[in-house]
Amino acid sequence: MSAWVIRGLGMAVLHGAAITLLAKYAVYHPTDQTLVVSLALAVLVGAAALWSALDAWRGLPDRGRVWFISALVAGPVAGILYVIGRAVFVDQTGVSELGGALTGGAAFSALLVLIPAGLGLFVGGRLGRSEGSGEEPPA
């Protein structure tokens, strides 16, 4: 399986599950969501940053393009999974929610993968440098 398929679908499942769980939590705790939403965003950002940093550290070829395509895949798939998860586990949401999930929700999820992945690729690429790589150490 291609690297972007694995990363894109993995991040989509993680995002779809997280926003479905947030919707379920909001049903039972409508006024107490700040901490849970913050923790969910931290997990989502951390997962993308860590996975991409590991890819950069391992020297995955074309890792920038892989993560860009993965973000484009993860957005709409996470939106679809959210609508399905919400319909099954939360409140029997209908197909009418699919439009919003595939536009604004998908864009937010894609950016929530792309930006931390870019940061992870940058940091992971810096961590992978050894002393004998021919580069001069910073002064």
Boolean, GLY99 is in contact with a helix residue (DSSP H, G or I) (Cβ under 8 Å, 6 or more places away or on another chain) and either under 30 Å from LEU127 (Cβ atoms) or not hydrophobic (A, V, I, L, M, F, W, C) (or both):
no
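From ALA42, ALA47, ALA78, grab the single residue that is among the small types (Gly, Ala, Ser), out of contact with any Ser or Thr (no Cβ under 7 Å at 6 or more places or on another chain) and touching a residue at least 12 places away in the same chain (Cβ under 8 Å).
ALA47
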For segment 115-139, name all the residues that are at pLDDT 80 or above and open to solvent by less than 60 Å² (accessible area, probe 1.4 Å).
PRO116, ALA117, GLY118, GLY120, LEU121, GLY124, GLY125
For GLY104, all conditions in the list (1) surrounded by 15 or more Cβ atoms within 10 Å (Cβ to Cβ); (2) free of Cβ contacts under 8 Å to residues at least 60 places away in the same chain hold save one; what is the number of the exception?
(1)
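The values are calculated or read from the model by the stated rules, or taken from the named source; none is laboratory data. Computed from a predicted structure; not experimentally measured. Cβ sites come from the backbone with ideal geometry, for glycine too, and all protein chains shown count toward neighbours. Accessible surface areas use protein heavy atoms only, side chains included; no ligands, DNA or RNA. Shrake-Rupley method; radii C 1.70, N 1.55, O 1.52, S 1.80 Å.
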